[in-house]
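**Q** Structure in structure tokens, see below.
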Amino acid sequence: MWCVAWGLGVVLPFHLGLLSLAAEAPDPCYDAQRQPRYCLPELMDLAAGHPVVASATCGHSPQRLCAAQGPPGPRLCLLCNQASPATAHPAAYLTDPAGEATCWHSGPVPNATLTLALGGRFEVLYVAIRFCTPRPHSMAIYKSMDYGRSWIPFQFFSRRCRSTYGQPPALAVLKGMEHEATCTDGQTSPNPPTRGLVAFMPLAGRPSASAFEYSPVLQDWVMATDLRMTLDRRHRARELGVRGREASYGVSELQVGGRCQCNGHASHCHVPSRDGAPQCQCQHDTTGPECETCRAFYRDRPWQRATPSDAHECVTCQCHQHSHRCRFSMELYELSGRKSGGVCLHCRHHTTGRHCHYCQPGFWRDPRRPLTSHKACKACQCHPIGAVSNFCNQTTGQCQCKVGVAGLTCNRCAQGFQQSRSALMPCVRIQEVLTTTPAYPLEWNPGTECRSHCTPSHGRIRMNLRNYCKKDYVLHAQITAAEESGEWQKFTALVLAVYLQRSVPIRRGEHPLWVPQQDLACDCLRLQVDKAYLVIGNDAESPDPARLVLDRNSLALPWRDAWAHKLRSFQQQNRRGQCRVP
Ligand SMILES: *[C@@H]1O[C@H](CO)[C@@H](O)[C@H](O)[C@H]1NC(C)=O
Ligand SMILES: *[C@@H]1O[C@H](CO)[C@@H](O)[C@H](O)[C@H]1NC(C)=O
């Protein structure tokens with residue numbers, strides 16, 4: 001049993017199990033172990049503060065209205081006059097805090113309607129109307145779910161259901177018809193007619209009411225944005241003991257009990273005082289006015305309404321702290337046996353994969369760090385000459401070496417192989433070596449002679465179209481960083497302008513630039529961080545066309561602004577085809 005303790009002063013027989021779960025713990029949406037559980041917002045008087053609009057109100061011109069006071073009592077008459085507010089109360093007073101003290105009268109009309117906008121979608125659990133004249137012979141309650149655009153019958157009250165509303169009087173609601181209005185007569189047609197309360201509980205007598213949380217039909221049945229009462233027929237004036245011109249409908253109070261629709265995911269709800277939609281204070285990592293979706297990063301399984309047996313909380317995506325965004329994939333969810341469907345988006349820290357649990361190509365998983373570490377993925381350190389590419393094994397970091405090359409980073413010749421001059425075949429079988437010229441240095445050998453190492457033209461070039469045309473690329477670049485990487489120095493070059501494009505085109509912006517340590521040690525090339533250079537080279541100098549490699553045959557000249565004009569003119573002549581003229 002559950003009592004309505006408001007001004008109506010009546011006990012409404014609520015025996016719906018769901019109401020007993022009302023606030024008891026600090027946060028009813030979680031149990032003492034912080035486990036999520038089904039929760040409901042508090043019950044409210046949904047009508048309070050929302051003015052009722054009536055189709056008619058007495059007293060445009062002074063009117064005498066009378067009602068019998070019950071058998072065999074005297075008649076009570078009043079003069080309704082809108083010029084004298086104490087005698088004519090507008091319908092807006094029906095939902096004010098004054099309760100029964102004020103009474104709206106329709107005046108002597110055959111029928112009247114009262115309309116109430118709730119200001120948002122709510123679950124309506126009861127409607128109560130207190131009459132200050134004898135209750136009508138026939139009345140109906142309608143609800144709207146679309147803010148008054150269309151109306152659905154909620155309940156009919158009449159002693160003549162069939163003739164007034166075309167409905168048979170209901171004895172019981174059948175399971176298949178729980179979504180339909182019924183017609184009853186008990187409340188409106190006492191004989192003789194008396195004043196009193198007409199109350200309607202949308203769930204009462206409906207077979208699925210005890211399992212309301214599992215019944216989408218009833219959940220929809222109680223949903224409303226607006227309510228309308230139509231007072232369709234009075235008892236005959238003779239039965240009321242008055243003259244026709246004196247009979248009127250009179251209502252003193254209208255209450256609507258209900259709650260915000262929060263889908264079992266909130267125990268509190270904010271209802272703006274004026275014309276704003278209610279906003280549930282969502283728990284269980286749900287969001288939306290009615291907690292009807294999952295929060296952005298909690299999309300590992302589909303949203304569901306909570307039930308007393310399962311809170312159906314939203315579950316966070318597992319992205320190992322490398323992403324803050326994810327999306328839900330129904331396909332993956334089904335494939336996982338309906339366990340997990342989250343797909344991480346924009347994995348950072350060089351991770352990739354559905355859960356940011358792999359390293360990107362070019363990186364490998366550092367086993368000494370946890371998967372959640374920002375440094376869990378390390379860059380592959382593949383040797384630019386010894387390795388086939390800069391992609392390494394994700395778990396071991398092993399680069400893919402060319403034939404005869406060995407080592408984690410492919411930086412040395414395998415047993416039985418020795419260095420050659422060829423960048424394509426840096427290591428050859430020992431018996432195959434035919435030449436005695438110095439090998440292309442795979443490993444830094446400090447004893448190498450520098451004297452004959454650099455090419456003679458080193459550091460000088462005549463700036464003319466012929467020389468320009470002979471080169472494969474001409475760049476203006478600034479060195480922004482340098483880092484030792486085995487026998488190579490890895491610079492970062494900010495390419496500012498491209499005057500002659502490489503066969504593998506290079507764009508403006510930052511690029512790694514590799515130079516053999518030996519060529520630097522012998523001073524064939526001088527590159528300093530934060531200085532700009534004119535970089536001139538041939539593609540043949542790079543063992544891997546995708547990489548920018550400078551060596552003793554390339555040129556890096558400290559940049560002079562005066563060159564820009566001349567280089568642009570070479571560039572234009574090249575575009576006109578002049579480099580191809582012999
Ligand atoms: C009164 O009843 C008539 C006939 O059923 C209907 O057309 C009219 O709209 C009703 N008026 C109100 C105010 O409900
Ligand atoms: C990476 O190395 C491991 C261990 O040697 C091996 O089992 C795996 O197949 C390798 N992965 C690839 C893609 O080669």
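**Q** From H60, H137, grab the single residue that is under 21 Å from G241 (Cβ atoms) and either within 16 Å of ligand 1 (Cβ to nearest atom) or among the basic types (K, R) (or both).
**A** Working: H60 fails: under 21 Å from G241 (Cβ atoms).
Just one listed residue meets the conditions, H137.
**Q** Please indicate, with yes or no, whether at least one residue in the range 263-279 is at pLDDT below 90 and assigned by TED's automatic domain parsing to the domain that holds A128.
**A** Scanning the range 263-279 turns up no residue that is at pLDDT below 90 and assigned by TED's automatic domain parsing to the domain that holds A128.
**Q** So, one more: Identify, by number, the condition in (1) under 24 Å from P302 (Cβ atoms); (2) touching a Cys at 6+ places or on another chain (Cβ under 7 Å); (3) among the aliphatic types (A, V, I, L, M) that V251 doesn't meet.
**A** Result: V251 passes all but (1).
**Q** A further question on this structure: Here is a list: R327, R301, R365, R305. Which entry is loosely packed, with under 15 Cβ neighbours inside 10 Å, among the basic types (K, R) and more than 16 Å from ligand 1 (Cβ to nearest atom)?
**A** Numbers: R301 fails: loosely packed, with under 15 Cβ neighbours inside 10 Å; R365 fails: loosely packed, with under 15 Cβ neighbours inside 10 Å; R305 fails: loosely packed, with under 15 Cβ neighbours inside 10 Å.
When all the criteria are applied, what remains is R327.
**Q** Search the range 559-577 for residues being within 53 Å of the chain's Cα centre (by Cα) and not in a helix (DSSP H, G or I), and hand back the single one that is surrounded by the fewest Cβ atoms within 10 Å (Cβ to Cβ).
**A** Per the stated criteria, the residue is D561.
**Q** Do you know which residues across the range 523-576 are without any contact (Cβ under 8 Å) to a residue 60 or more places away in the chain and in contact with a Cys (Cβ under 8 Å, 6 or more places away or on another chain)?
**A** Hit for the range 523-576 is D551, nothing else.
**Q** Report yes if some residue within the range 57-73 is among the β-branched types (V, I, T) and at pLDDT 90 or above; otherwise report no.
**A** Pass one, the range 57-73, residues among the β-branched types (V, I, T): 57.
Then keep just the ones that are at pLDDT 90 or above; that gives 57.
Yes, the range 57-73 contains at least one residue that is among the β-branched types (V, I, T) and at pLDDT 90 or above.
**Q** What number of residues in the range 352-377 are within 19 Å of D300 (Cα to Cα) and in contact (Cβ under 8 Å) with a residue 24 or more places away in the chain?
**A** Taking the range 352-377 first, the residues within 19 Å of D300 (Cα to Cα) are 352-358, 372.
Next cut, in contact (Cβ under 8 Å) with a residue 24 or more places away in the chain only: 355-358, 372.
Summing the residues that are within 19 Å of D300 (Cα to Cα) and in contact (Cβ under 8 Å) with a residue 24 or more places away in the chain in the range 352-377 gives 5.
**Q** Can I ask one more? All but one of (1) surrounded by 14 or more Cβ atoms within 10 Å (Cβ to Cβ); (2) over 22 Å from A128 (Cβ atoms) hold for Q187, so report the exception by its number.
**A** Going through (1) surrounded by 14 or more Cβ atoms within 10 Å (Cβ to Cβ); (2) over 22 Å from A128 (Cβ atoms) one by one, Q187 breaks only (2).
**Q** Select from the range 477-524 the residues that are among the β-branched types (V, I, T) and assigned to a strand (DSSP E or B) and write down the one among them that is surrounded by the fewest Cβ atoms within 10 Å (Cβ to Cβ). Steps first, answer last, please.
**A** At the first step, the residues of the range 477-524 found to be among the β-branched types (V, I, T) are 479-480, 492, 495, 498, 504, 506, 515.
Those still in the list that are assigned to a strand (DSSP E or B) too: 479-480, 492, 495, 498, 515.
Values: I479: 19, T480: 13, T492: 16, V495: 18, V498: 17, V515: 22.
Selected residue: T480.
**Q** Something else about it: Those residues that are in contact with a helix residue (DSSP H, G or I) (Cβ under 6 Å, 6 or more places away or on another chain) and away from ligand 1 (no atom under 16 Å from the Cβ), I need them from the range 80-133; list them, please.
**A** C80, N81, T102
**Q** Can you confirm whether the range 59-68 contains a residue that is more than 16 Å from ligand 2 (Cβ to nearest atom), surrounded by fewer than 19 Cβ atoms within 10 Å (Cβ to Cβ) and closer than 30 Å to M223 by Cα?
**A** No, the range 59-68 contains no residue that is more than 16 Å from ligand 2 (Cβ to nearest atom), surrounded by fewer than 19 Cβ atoms within 10 Å (Cβ to Cβ) and closer than 30 Å to M223 by Cα.
**Q** Only residues that are closer than 18 Å to C294 by Cα and in a loop (DSSP other than H, G, I, E, B): list them for the range 317-366, please.
**A** C317, Q318, C319, S323, H324, S329, R338, K339, S340, G341
The values are calculated or read from the model by the stated rules, or taken from the named source; none is laboratory data. As the structure is a prediction and not an experimental result, all values here were calculated from the model. Quick reminder, even Gly has a Cβ in these numbers, built from the backbone with ideal geometry, and neighbours come from all protein chains shown.
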